[in-house]
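Trainee: Handing you a structure now.
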Amino acid sequence: MTEVPTQSALDRKINRLFPGVVVRKDLVKAVKGNAIVPSYVLEYLLGQYAASDDDATIQVGIDTVRRILADHYVHRNQSELVKSTIRERGRHRIIDKVTATLNEKDDVYQAEFANLGIKGVLVEPATIKAHPKLLVGGVWCICDIEYFHSEDARVAPWILGSIKPIQMSNFDFDSYLSARREFTTDEWIDLLVQSIGFNPELFGRRAKLIQLVRLIPFVERNYNLVELGPKGTGKSHIFSEFSPHGMLISGGEVTVPKLFVNNANGRIGLVGYWDVVAFDEFAGKKKRTDRALVDIMKNYMANKSFSRGVETLGAEASMVFVGNTSHTVPYMLKHSDLFDELPESYHDSAYLDRLHHYIPGWEVDTIRGEMFSNGYGFVVDYIAEVLKSMRSADYSDRYQRHFTLSSDISTRDRDGVHKTFSGLMKILYPHGEAISEEIEEVLRLAIEGRKRVKDQILRIDSTMADVKFGYADSGGGWHSVSTLEEDEYPGYYHRERRESADTPVDGIKSGSAVGVIELRAEAERAVEARLFEGYIEFQENQRGVSFDTLIVPYLHGAGQITIVDPYIRQFHQARNLMELIGGIAKTKDVADEVNVKLITAENNEGEDKLRKQLELLLKIKQGAAVAGVSFDVAFDNTIHDRSIVTDTGWRILLGRGLDIFQYVTGDAFDLATKLQEYRQVKAFGVTYIRGGE
């Protein structure tokens with residue numbers, strides 16, 4: 001039986017005001033099992049049978065949904081068994097993803113079932129007319145399949161008895177608005193975050209709003225959004241799981257015919273049928289791209305249209321581009337720009353200028369198990385239909401009673417701000433009732449997202465004019481807007497424009513990294529000249545020793561550090577290594593990256609201990625990456641000596657490796673827990689050898 005969480009006051013309010021269209025969000029995991037289906041398919045079924053706050057009703061609903069999946073969901077490895085069931089019974093209901101194509105030769109529509117593995121199933125034209133998305137990308141459906149064998153080998157024995165796409169058919173928008181009025185803004189935001197599947201208690205206000213910006217493409221027509229950031233932050237999840245109106249495709253699968261139009265037969269692509277087309281794994285400098293596709297996409301993103309022969313066609317699909325970054329934010333700001341990871345053809349100011357908003361993916365936490373919600377949220381196909389119904393509404397002028405945008409903001413900048421503002425207002429305040437402070441919060445976020453785009457374009461294209469991003473209030477007071485990374489790394493964010501980089505000032509190039517690097521190198525040489533060479537011995541129980549004084553000064557300025565220690569196995573040994581990496585992170589330039597390679601031995605005391613060792617090393621890798629330290633591990637079970645070698649010429653021989661400290665309690669009130677200087681050490685010795693570069 002599924003464990004029943006205690007209902008919060010918000011959950012009780014949600015159930016009271018939205019009966020029948022909300023569901024407990026942890027139930028999806030409870031019923032999914034090994035069924036490879038989007039969350040909205042499962043929530044559609046849960047909405048039919050388990051949309052309640054009554055524990056007994058929920059449990060019966062869960063059992064019903066599990067039974068439906070067991071009886072009707074088609075697993076690929078059981079497709080032959082299902083086909084046999086259809087043949088023996090003559091008719092059987094299945095849940096599968098269905099794609100239709102037009103057979104021009106016979107002038108008929110034919111369906112293909114992804115998991116069942118059958119094709120050539122005849123589909124009535126009326127069905128295609130009612131559900132045109134069957135032709136582009138396919139739709140998850142509940143279908144009745146019949147079997148009738150014919151002597152004519154050209155005729156498929158499978159007959160489509162009925163088909164019902166898995167999505168809500170209707171809803172009452174006025175009731176939605178009426179219920180919204182009963183929630184405070186904080187409660188409403190938490191309800192929406194729970195609807196996405198996350199626990200709002202683990203997110204700050206800004207983090208919640210960033211999650212909700214991901215929904216804007218579903219509620220705003222022709223919205224162009226980009227999100228680049230580290231792996232594992234859920235960038236693509238919403239576009240694959242949240243709505244039956246969105247299509248997630250791999251960036252490498254994009255072609256002109258698939259996306260826009262096949263000129264050979266005139267068939268319209270994805271943008272003609274889907275509300276949102278999202279490109280996954282979009283980043284990658286060396287990815288091959290079709291220049292013609294880039295040009296057509298630029299035209300579509302700017303003009304909301306594309307050409308089919310001599311005919312110009314309009315479409316409303318929003319475009320979303322998500323990809324992973326491989327460097328830290330300060331590194332990108334120092335060496336290139338925040339679009340550095342994009343394929344070369346897209347690293348183009350004309351394309352980038354068509355983006356309305358840049359979500360800072362580096363601010364989003366890596367998804368962890370405890371972040372998922374067990375509270376109540378909207379059944380996703382319900383909220384998906386709500387958002388779809390508002391796509392034609394325009395809330396972009398709702399700030400103008402209170403605020404005025406800067407007069408030097410260009411038309412494209414203004415469009416970007418307006419579309420983000422309109423979308424987020426429709427999500428947060430669909431009833432149109434927001435006070436000045438709430439409107440200002442949305443406006444600032446909208447300006448910041450467009451500013452992030454424009455500031456990076458200025459790095460790429462020196463011909464673009466600088467823009468003063470901000471707004472004036474009704475009293476005439478001016479409010480400038482900055483991005484968070486601009487406030488965090490002003491020295492790297494406000495890099496001089498390229499044309500002025502070569503102007504000499506006092507013998508050093510203004511805005512150039514050359515003078516800064518020379519000064520830093522001189523300082524590092526002075527420090528290095530004072531570093532001790534030779535052997536030092538430490539006595540047992542001695543205090544006052546730390547990696548910050550013992551090792552870190554010798555690693556300063558190194559780009560490659562190799563640590564050889566056969567015993568990084570247990571928690572305290574991994575903690576010591578993480579503390580050393582912390583020392584490296586504190587002393588390096590925030591915009592530089594350091595590669596640390598650990599050569600260690602596997603824990604050979606059993607599979608469980610080896611697994612724990614690997615988990616610890618993975619945590620070190622994840623933690624180090626945040627600070628721009630790349631951590632890699634190689635196993636060598638023959639090593640015995642311990643050492644640290646840098647690419648700056650230092651070799652440190654460690655008698656005991658990094659395991660120099662005696663037992664620490666872990667008590668938060670014991671200084672030794674956080675500060676190495678207060679720990680007692682074991683007896684050990686260190687030898688410092690200076691080599692050549």
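Trainee: Looking for whichever is of a type in the set (A, V, I, L, M, F, W, C) and under 22 Å from Trp362 (Cβ atoms) here; the options are Val329, Val310. Which one fits?
Mentor: Only one candidate passes the filter, namely Val329.
Trainee: Looking at the structure I just gave you, is Asp11 surrounded by 13 or more Cβ atoms within 10 Å (Cβ to Cβ), out of contact with any Ser or Thr (no Cβ under 9 Å at 6 or more places or on another chain), at pLDDT below 90 and within 30 Å of Glu201 (Cβ to Cβ)?
Mentor: Criteria not met by Asp11.
Trainee: Mind checking which pairs have a first residue in the range 530-554 that is over 15 Å from Ile644 (Cα atoms) and outside any strand (DSSP E or B) and a second that is aromatic (Phe, Trp, Tyr) and open to solvent by 50 Å² or more (accessible area, probe 1.4 Å), Cβ under 7 Å, 6 or more apart or different chains?
Mentor: The qualifying pairs are Arg543/Tyr678.
Trainee: Could you tell me which residue of the range 99-135 is surrounded by the fewest Cβ atoms within 10 Å (Cβ to Cβ), considering only residues that are part of a helix (DSSP H, G or I) and touching a helix residue (DSSP H, G or I) at 6+ places or on another chain (Cβ under 7 Å)?
Mentor: Applying the filter and picking the extreme gives Ile128.
Trainee: Something else about it: So, in the range 586-635, exactly how many residues are surrounded by fewer than 19 Cβ atoms within 10 Å (Cβ to Cβ), basic (Lys, Arg) and touching a residue at least 40 places away in the same chain (Cβ under 8 Å)?
Mentor: Count: 2.
Trainee: Which is under 25 Å from the mean Cα position of the chain (by Cα), modelled with pLDDT under 95 and part of a loop (DSSP other than H, G, I, E, B), of Ser482, Ser462?
Mentor: Ser482
Trainee: Can you pull out every residue in the range 314-338 that is under 17 Å from Lys258 (Cβ atoms) and loosely packed, with under 15 Cβ neighbours inside 10 Å?
Mentor: Passing the criteria: none in range.
Trainee: May I pose another question? I'm trying to understand the selection: among the residues of the range 75-89, which are open to solvent by 30 Å² or more (accessible area, probe 1.4 Å) and within 14 Å of Leu160 (Cα to Cα)?
Mentor: Once the filter is applied, which keeps residues that are open to solvent by 30 Å² or more (accessible area, probe 1.4 Å) and within 14 Å of Leu160 (Cα to Cα), the range 75-89 yields Lys83, Arg87.
Trainee: Among the listed residues Ile409, Ile367, Ile427, which satisfies the condition of being aliphatic (A, V, I, L, M), within 30 Å of Cys141 (Cβ to Cβ), assigned to a loop (DSSP other than H, G, I, E, B) and out of contact with any strand residue (DSSP E or B) (no Cβ under 6 Å at 6 or more places or on another chain)?
Mentor: Ile367
Trainee: For the range 367-381, enumerate the residues that are among the small types (Gly, Ala, Ser) and free of Cβ contacts under 8 Å to residues at least 12 places away in the same chain.
Mentor: Gly369
Trainee: Tally the residues that are over 15 Å from the mean Cα position of the chain (by Cα) and closer than 18 Å to Val213 by Cα, restricting the search to the range 315-356.
Mentor: The qualifying residues number 6.
Trainee: If we only count helices (runs of 4 or more DSSP H) wholly inside the range 181-233, which ones have 1 or more residues that are surrounded by 24 or more Cβ atoms within 10 Å (Cβ to Cβ)?
Mentor: The qualifying helices (runs of 4 or more DSSP H) are 185-196, 216-219.
Trainee: Just to verify a result, which residue in the range 658-671, among those that are assigned to a loop (DSSP other than H, G, I, E, B) and either free of Cβ contacts under 8 Å to residues at least 60 places away in the same chain or in contact with a Ser or Thr (Cβ under 9 Å, 6 or more places away or on another chain) (or both), is surrounded by the most Cβ atoms within 10 Å (Cβ to Cβ)?
Mentor: If we take residues in the range 658-671 being assigned to a loop (DSSP other than H, G, I, E, B) and either free of Cβ contacts under 8 Å to residues at least 60 places away in the same chain or in contact with a Ser or Thr (Cβ under 9 Å, 6 or more places away or on another chain) (or both), then Val664 is surrounded by the most Cβ atoms within 10 Å (Cβ to Cβ).
Trainee: Another question, if that's okay. Of all residues in the range 36-67 being part of a loop (DSSP other than H, G, I, E, B) and either aliphatic (A, V, I, L, M) or touching a residue at least 40 places away in the same chain (Cβ under 8 Å) (or both), which is surrounded by the fewest Cβ atoms within 10 Å (Cβ to Cβ)?
Mentor: Top of the filtered list is Ile36.
Trainee: Same structure again: For the range 399-417, give me each residue that is of a type outside the set (Phe, Trp, Tyr) and in contact with a Leu (Cβ under 9 Å, 6 or more places away or on another chain).
Mentor: Residues satisfying the conditions are His402, Leu405, Asp413, Arg414, Gly416, Val417.
Trainee: Something else about it: Give Ala292, Ala278 a once-over and let me know the one that is at pLDDT 85 or above, open to solvent by 10 Å² or more (accessible area, probe 1.4 Å), among the aliphatic types (A, V, I, L, M) and over 20 Å from Ala100 (Cα atoms).
Mentor: One residue alone meets the criteria, Ala292.
Trainee: Still on this structure, I have one more. If you check every pair at least six apart or on different chains, which have Cβ atoms under 6 Å apart with a residue in the range 449-477 that is open to solvent by 30 Å² or more (accessible area, probe 1.4 Å) first and a residue that is part of a loop (DSSP other than H, G, I, E, B) and modelled with pLDDT of 95 or more second?
Mentor: The qualifying pairs are Ser474/His402.
Trainee: Within the bounds of the range 633-642, is there any residue that is touching a Phe, Trp or Tyr at 6+ places or on another chain (Cβ under 9 Å), β-branched (Val, Ile, Thr) and closer than 18 Å to Ile561 by Cα?
Mentor: No, because not a single residue in the range 633-642 is touching a Phe, Trp or Tyr at 6+ places or on another chain (Cβ under 9 Å), β-branched (Val, Ile, Thr) and closer than 18 Å to Ile561 by Cα.
Trainee: Does any residue of the range 68-76 turn out to be assigned to a helix (DSSP H, G or I) and of a type in the set (Val, Ile, Thr)?
Mentor: Yes, there is a match, as at least one residue in the range 68-76 is assigned to a helix (DSSP H, G or I) and of a type in the set (Val, Ile, Thr).
Yes/no matrix, rows are residues, columns are (1) modelled with pLDDT under 95; (2) open to solvent by less than 30 Å² (accessible area, probe 1.4 Å); (3) under 13 Å from Tyr223 (Cα atoms):
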position: Ser392; (1), (2), (3): yes, no, yes
position: His402; (1), (2), (3): no, no, no
position: Asp408; (1), (2), (3): yes, no, no
position: Arg412; (1), (2), (3): yes, no, yes
position: Asp415; (1), (2), (3): no, no, yes
position: Lys419; (1), (2), (3): no, no, yes
position: Ser422; (1), (2), (3): no, yes, yes
position: Lys426; (1), (2), (3): no, yes, no
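Trainee: I'm checking my understanding of the structure. Among residues of the range 138-169 that are of a type in the set (Asp, Glu) and in contact with a Gly (Cβ under 9 Å, 6 or more places away or on another chain), which one is surrounded by the most Cβ atoms within 10 Å (Cβ to Cβ)?
Mentor: Filtering the range 138-169 for residues that are of a type in the set (Asp, Glu) and in contact with a Gly (Cβ under 9 Å, 6 or more places away or on another chain), the one surrounded by the most Cβ atoms within 10 Å (Cβ to Cβ) comes out as Glu146.
Trainee: Moving to a separate point now. How about the range 636-647: which of its residues are surrounded by fewer than 19 Cβ atoms within 10 Å (Cβ to Cβ) and either in contact with a Ser or Thr (Cβ under 7 Å, 6 or more places away or on another chain) or over 14 Å from Val596 (Cβ atoms) (or both)?
Mentor: Selection gives Asp636, Asn637, Thr638, Ile639, His640, Asp641.
Trainee: Can you name the condition, by its number, that Phe203 falls short on among (1) under 19 Å from Leu484 (Cβ atoms); (2) at pLDDT 95 or above?
Mentor: Checking Phe203 against (1) under 19 Å from Leu484 (Cβ atoms); (2) at pLDDT 95 or above, the one that fails is (2).
Trainee: Ok, one more. Can you name the strands (runs of 3 or more DSSP E) wholly within the range 273-353 that have at least 3 residues being farther than 23 Å from Lys235 by Cα?
Mentor: Fully inside the range 273-353 and qualifying: 305-308, 311-314.
The values are calculated or read from the model by the stated rules, or taken from the named source; none is laboratory data. What you see is a predicted model, and the numbers here were worked out from it, not measured in a lab. Virtual Cβ from ideal backbone geometry, glycine too; neighbours counted across all protein chains shown. Heavy atoms of the whole protein, side chains included, go into the accessibility calculation; ligands, DNA and RNA do not. Shrake-Rupley method; radii C 1.70, N 1.55, O 1.52, S 1.80 Å.
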